[in-house]
Structures are given as C-alpha cells and as structure tokens.
Amino acid sequence: MAAAAAAAVAEPKTKYDRQLRIWGDQGQAALEKASICLLNCGPTGTEALKNLVLGGIGSVTVVDGSKVELADLGNNFLLDEGCLGQSRAKSICSFLQELNDAVKAKYVEESPATMIDTNPSFFSQFTVVIATQLPESSLLKLDGICRSANIVLVAARSYGLTGLVRVSIKEHCVIESKPDHFLDDLRLHKPWTELKQFAKSIDICDKDAVVHKHTPYIVILVRLAEKWADAHDGQLPSTRQEKREFKDLIRAHMLNVDEDNYKEAVESSYKVSVAPGISNDIRQIIDDASSEVNLSSSDFWVLVAALKEFIANEGNGELPLEGTIPDMTSLTEYYVSLQKIYQAKAESDCLAMEHRVKSILKRIGRDPESISRAYIKTFCKNTRKLRVCRYRSLEEEFSSPALSEVQKYFADEDSCFAMNFYILLRAVDRLAANYSRLPGIFDRLKLAAVSVLSEMGLNGASLSEDLITEVCRFAGAEIHPVAAFIGGVASQEVIKLVTKQFVPVMGTFIFNGIDLKSEVLAL
C-alpha cells in the first residue's frame, strides 16, 4: 500500500517533470486547480486547449453548438472522418481526454453568443475564459460579464495570415515575474554587520597563492569598497572616471594575472555602485492606493502593506534580502560561510515581514495565520520583481484608445502593419454584423475600416490597400499553422495568469503572418 501511494504521488512529478522546473510545485498545483472555459473549438481554440490539457490543467469546459463539417477536417487535427455530423464540442472533448486522462473535460452544445446573451452567470464558475473567433459585439458583452465576476478573459482570433490575443482583467498581481536578466541582490553598496565582519576576517593581502586566488569576489569588493569610501568622504564610486579608478584599485591587489576571482571582482565592480533604496517601479506599487488595506484586500496587497512598513523600519530603506549568491571562484569553506550569512539575513528579514503581516491581518479583522509562511517567503525573495498589471476593458479600448500611442504605431513601419491588421479585423466584424457575411469586396471593407478609424478619432490615418485586399482574400479562413501559433500564445498567457508567474502580455498581441512578425499594441 505504501509503495502504491508513493507511486501515485511520484507519477505527476514524472509526467510534468520539465515544466515543474519552470514554474515549480506551486505553479503546477495552481494549474491543477484551475477551471478553463473555451468558447468555440475551431483550430485556434483546440490548439490552445490542447496545450493546457497536456500541461495538466484541472478541468476544461468546451462551449460550441456546431456540428463537425468536412471543412473542419482540413484544419483541426483532433477531428477525423468518424466525427462528421457529430457535435464538435463532444468530439473535441473526447480526443482531449485521450491526451491526458487526469484532466476533466466537459462540453456544452450551445452557441457561445447565445450563452453570453441568455446565461451570463454560467461563466462565474471558471478561473479563465478563452474566447476564440468571437465577433466584437459578443466579446464586449463577455468582457463585461467576466470583469463583474473578476474572471480572467483571454480573447484569441486567427484570420487568414493574421491573428490576435488580448488579455482582459481588472488587476493581475505577479510575485514571481522571473525577468530574463536581473542584478544579483548582494547589497555590496550597503553590507550589513555580519557580512562586513566576515569580509574583515579574510586577509585579501594574504601572500598564500591558493588563498589569495580563492577569496570570493564578494569579500574583495566589500573590503575594497570600504577602503575607497574611507578615502572619498564615505562615498562609493559613482562617476565613470571613479568606476574606472575603482577597477584599477582591484587590479592593484592581484598577485598574478590568472586570478579568476579578481577578474570576477573587476567584472562585478559595478554592483558596488548600485543606487541605495528601492526602484521607481516598486515605489509605485508600495505607494499605490491599494496598499491601504482593509478586510477585502487580497493577500498580495496585505504583503505590500507589510513591505511598506518593513522598508520604513527593519529594512532601513531597503527591501528584504533575497538570500542567494551566484557561483564564483572561492574556497569551499568561504563560499559556504557566505551562503549561510546571506541566508541568515534573508531569514531574519522574512521573520520581520511575517510579524508585520500578522499584525496587519489582525488589525483589519482577518485571521493572523491566513497567509502562509511559504507565501510570505516567496514574496520576500521576489520583492524587487513585483509587478501589478491593470488592463483597460475592451469597451474602453474600442471607444477611447490611447491616441498618442496609436499615432506612434502608425508612424512606425513595423507597428503600422500591426495597427492596420487591428483596424481591419474590427472592420471585418462591423461588416459581418451589418451584412451577415465576411468581406469579399474591397470598397466595402475599406469603408468599414474608415468608419472604425473615425470612431477612434483617427480621421487622417490611412490604411494599406494591399492589406485590405489580403484581408478580403483571407475570407475568414482559420489556417492551421496560424491557428496553432495564436492558440499557443493564448495558452502561454493562460499559464502565466493561472500560475501568477511571468508577466502576461500587456496590450493586444498582433501576429503578422505575411512578414512573420508580431507586435503588442498598448491601446
């Protein structure tokens, strides 16, 4: 029995091994709890859902009232001839279940537009709603429904050789934004007592070649930064000339040219000159009105409120220490000692944060234990990388776009193509609503596009006639390679939103399949 239970626990970790390395156990647990609703299971929607099912999403519900037709077999790889005439939603769910039997798959044979009009409360049960190939009128209604229920909406559409993805939610807070490049949090500009004491315990002028060439660069920089400050009225190097002189000071302490630790110190010398305090991005977050918390505040904003107090008190103007150090040339005993010093400081900061969190929770009438220590620890490790994403509603974007941004996009060659596609896709919906058919006549589509531009306050803007011709030629086709790409982008954004890791796309993502380029339009 014990062996069987252990195997049951190990099986998901084996199945999802590679993705666990990216978003960890917490991210995977969030995925497995998530409930996704897909509207329309054409190739774009199917591709998005396939990726989520393979990733181990908790449950999916497909809403589609169509029957499988011959045309579906040409662009939807989850359908075959045996599905002809059957419910498309039912057929898709059946094949998705085969991809991952751990995922619960349900379907509703109903037109998404009808569901939006007649049963808006249906959507409140989901974590994320993925709306594919919806016309503008239905999408606007759905956005209002999802926003009022605080449900994430991801709109995706492929149309010939173009497509778009748009996220819509009032607010999305990210702790683990995981930027590609970020400066190590070493505090060389402001070392604390234990780090300074450890650095002083090591003689950087030791003539023993082995010890000298294996002194960690952190120690070298702490000692030499102190020496520099003593000679410069307590100031660290700030100008280009001073930074050059500081590098020369480091090189002057080398005994041999092959000392990698001193080369590392020279390469990392800029870390000594890091501006003290917190970045403007984090300052905006802690000064946000939401940091004035009450009983209805989310855990994220409670932690931000605690962070604000920490900075003003225990942090002495600084954020909690992350507590990790990079690889470096060092004696093992020195490196391990440094690790312990950084970890101890990070643990101390985390404890101080934990006390402040509990105090705030008690003050606003919540259980002081309602935010776990693991969550607080994750927050403390990522305080320099916090992000708050706020999205305009689709209604706001369509009725009052950011004109300065739009004009900038039209002035840029690459962005202009993306902007043209954005306008033309909206014009396609306008025509379809008025004539109950997709555009096939150049003049009619151009007139609709001019109308869209006028409503946006862009009377002087012009569109590419070649692109208007191409969009007419697309005839609403969902070409599988484009649908697979757009579906892939949509599923990637869903994973970011569900795991609350990485930063979701901020704006309307436009794919230009003619030139194989993409652009995010912040409208």
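The residue of the stretch 275-328 that is most open to solvent (accessible area, probe 1.4 Å), among those that are of a type in the set (Val, Ile, Thr) and over 16 Å from ARG366 (Cβ atoms), is THR324.
Within the stretch 338-352, can you find the residues that are in contact with a Ser or Thr (Cβ under 9 Å, 6 or more places away or on another chain) and crowded, with 17+ Cβ neighbours inside 10 Å?
Passing the criteria: LEU338, TYR342, ALA346.
When the stretch 29-43 is filtered for residues that are in a helix (DSSP H, G or I) and either of a type in the set (A, V, I, L, M) or touching a helix residue (DSSP H, G or I) at 6+ places or on another chain (Cβ under 6 Å) (or both), the ones remaining, listed by number, are ALA29, ALA30, LEU31, PRO43. Of all residues in the stretch 137-173, those satisfying the criterion of being more than 20 Å from ALA477 (Cα to Cα) and among the aliphatic types (A, V, I, L, M) are LEU140, LEU142, ILE145, ALA149, ILE151, VAL152, LEU153, VAL154, VAL167, ILE169. For the stretch 234-281, a residue qualifies if it is in a loop (DSSP other than H, G, I, E, B) and more than 30 Å from VAL210 (Cα to Cα), and the qualifying residues are GLY234, GLN235, SER238, THR239, VAL274, ALA275, PRO276, GLY277, ILE278, SER279. A search for C-beta distances below 6 Å between a residue of the stretch 322-333 that is among the charged types (D, E, K, R) and any residue that is crowded, with 16+ Cβ neighbours inside 10 Å, counting only pairs 6+ apart in sequence or on different chains, returns GLU322/ASP185; GLU322/LYS381.
Does GLN133 count as modelled with pLDDT of 95 or more and over 28 Å from LYS50 (Cβ atoms)?
no
In the stretch 241-257 there is at least one residue matching the filter, namely being polar (S, T, N, Q) and over 40 Å from the mean Cα position of the chain (by Cα). Regarding the stretch 329-337, can at least one residue be identified that is surrounded by fewer than 18 Cβ atoms within 10 Å (Cβ to Cβ), at pLDDT 95 or above and farther than 30 Å from ASP208 by Cα? So far as the stretch 329-337 goes, no, none of its residues is surrounded by fewer than 18 Cβ atoms within 10 Å (Cβ to Cβ), at pLDDT 95 or above and farther than 30 Å from ASP208 by Cα.
Could you name every one of the strands (runs of 3 or more DSSP E) located completely within the stretch 109-172 that has at least 1 residues being in contact with a strand residue (DSSP E or B) (Cβ under 8 Å, 6 or more places away or on another chain) and open to solvent by 10 Å² or more (accessible area, probe 1.4 Å)?
Details: elements: 128-132, 152-159, 162-168.
It comes to 152-159, 162-168.
SER415 fulfils the conditions (1) closer than 17 Å to ARG166 by Cβ; (2) polar (S, T, N, Q); (3) surrounded by fewer than 18 Cβ atoms within 10 Å (Cβ to Cβ) except for a single criterion, (3). Of the candidates LEU70, LEU39, LEU96, LEU78, the single residue that is aliphatic (A, V, I, L, M), surrounded by fewer than 16 Cβ atoms within 10 Å (Cβ to Cβ) and more than 30 Å from PRO179 (Cα to Cα) is LEU70. The set of residues in the stretch 379-403 being under 16 Å from the mean Cα position of the chain (by Cα) and among the polar types (S, T, N, Q) consists of ASN382, THR383. Looking at SER518, SER491, SER436, which is the one that is of a type in the set (Ser, Thr, Tyr), in contact with a helix residue (DSSP H, G or I) (Cβ under 6 Å, 6 or more places away or on another chain) and either under 27 Å from ARG390 (Cβ atoms) or modelled with pLDDT under 95 (or both)? It is SER491.
Within the stretch 42-67, how many residues are among the basic types (Lys, Arg) and buried (at least 21 other Cβ atoms within 10 Å of the Cβ)?
Of the residues in the stretch 42-67, the ones among the basic types (Lys, Arg) are 50, 67.
In the following step, the residues that additionally are buried (at least 21 other Cβ atoms within 10 Å of the Cβ) were identified as 50.
Counting residues in the stretch 42-67 that are among the basic types (Lys, Arg) and buried (at least 21 other Cβ atoms within 10 Å of the Cβ) gives 1.
Of everything in the stretch 478-490 that is out of contact with any strand residue (DSSP E or B) (no Cβ under 8 Å at 6 or more places or on another chain) and of a type outside the set (A, V, I, L, M, F, W, C), the residue that is most open to solvent (accessible area, probe 1.4 Å) is PRO481.
Taking the conditions exactly as written (farther than 30 Å from GLU136 by Cβ, open to solvent by 30 Å² or more (accessible area, probe 1.4 Å) and in contact (Cβ under 8 Å) with a residue 60 or more places away in the chain), does ARG384 satisfy them or not?
Values: farther than 30 Å from GLU136 by Cβ: yes; open to solvent by 30 Å² or more (accessible area, probe 1.4 Å): yes; in contact (Cβ under 8 Å) with a residue 60 or more places away in the chain: yes.
Yes: the conditions hold for ARG384.
The values are calculated or read from the model by the stated rules, or taken from the named source; none is laboratory data. Fair warning: this is a prediction, and the values are worked out from it, not measured in the lab. Cβ sites come from the backbone with ideal geometry, for glycine too, and all protein chains shown count toward neighbours. The protein model used for the area step is the full one, side chains on, heavy atoms only, and it has no ligands, DNA or RNA in it. Shrake-Rupley method; radii C 1.70, N 1.55, O 1.52, S 1.80 Å.
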